[in-house]
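Take a look at the structure below.
The values are calculated or read from the model by the stated rules, or taken from the named source; none is laboratory data. Just so we're clear, the structure is a prediction, and the values are computed from it rather than from any experiment. Backbone-built Cβ (ideal geometry, glycine too); neighbour counts: all protein chains shown.
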Amino acid sequence: MTVNTGWGHAQHAHDGNIRDGEGRERRRMGETRRPFAGIWWLVTLRGLIGIGFGLFALFAPVATLISLLVILAVYLMVDGVFGLVSAALAGRAGERWGLLVVEALANLVAGAAVLAWPALTLLVLVLLLAGWAILTGALMIGTAINLKRDGRVWLGLSGVVSVVFGIVLAVAPIIGAVVVTWWLGIYALVFGTVLVVFGLHLRSIAVE
């Protein structure tokens, strides 16, 4: 009787270990199949931030542009400081540090210029964007003219649209900057909405 009882306890413990192992395996497989379910709130939060930024860009485009310029200026200046630190460390290690200093000082000067003259910086950026649109559009038109296969019409039309967009930006840069900000806001709204829907879907999976 003692042997049988011991054997029964051993068998029961063995069965329990098997069930525990199967449970852990099922949980592991579930986590593998649903890798993002545990961070649904983070995905949803990211989407809500995108929606908020999109609404802000649509209803306050000028303030959005100024905010983006300030962020750009702060980034350039922080990067410049880190560049100087990197140059100092490179000098101590006996490495070449001259170009690091030049790059760091250029970033610091650019960041200070953006903070000092935000309107001028915005104008320069928009004109650069206009020049890029005109150049790429002209190249697309030239490629479409030399293209002997199907699709040349659509390629040429895309080039014309790019050139017209560049001309509009060059003629009315402030209006063009506002329009670009609206486009950015629409993109952020769509992107944020998709993330929110995805996050809520992940939440429904997580609670199953």
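Some observations on this one:
Okay, residues lined up against (1) surrounded by fewer than 18 Cβ atoms within 10 Å (Cβ to Cβ); (2) in contact with a Ser or Thr (Cβ under 8 Å, 6 or more places away or on another chain); (3) in a helix (DSSP H, G or I):
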position	(1), (2), (3)
V124	yes, no, yes
L127	yes, no, yes
G137	no, yes, yes
S162	no, yes, yes
V179	yes, no, yes
L200	yes, yes, yes
I205	yes, no, yes
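- Annotation note: of V194, V153, the sole residue that is out of contact with any strand residue (DSSP E or B) (no Cβ under 7 Å at 6 or more places or on another chain), loosely packed, with under 14 Cβ neighbours inside 10 Å, touching a residue at least 60 places away in the same chain (Cβ under 8 Å) and not aromatic (F, W, Y) is V194.
Residue-by-condition table, conditions (1) modelled with pLDDT of 90 or more; (2) closer than 30 Å to I205 by Cα; (3) not in a helix (DSSP H, G or I):
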residue: T5; (1), (2), (3): no, no, no
residue: N17; (1), (2), (3): no, yes, no
residue: E22; (1), (2), (3): no, yes, no
residue: I66; (1), (2), (3): no, no, no
residue: V78; (1), (2), (3): yes, no, no
residue: V81; (1), (2), (3): yes, no, no
residue: A104; (1), (2), (3): no, no, no
residue: A112; (1), (2), (3): yes, no, no
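- Filter result for A144 (surrounded by 15 or more Cβ atoms within 10 Å (Cβ to Cβ), over 27 Å from A73 (Cα atoms) and at pLDDT 90 or above): no
- Count of residues meeting criterion [more than 28 Å from V179 (Cα to Cα) and out of contact with any helix residue (DSSP H, G or I) (no Cβ under 6 Å at 6 or more places or on another chain)] in the range 62-89: 6
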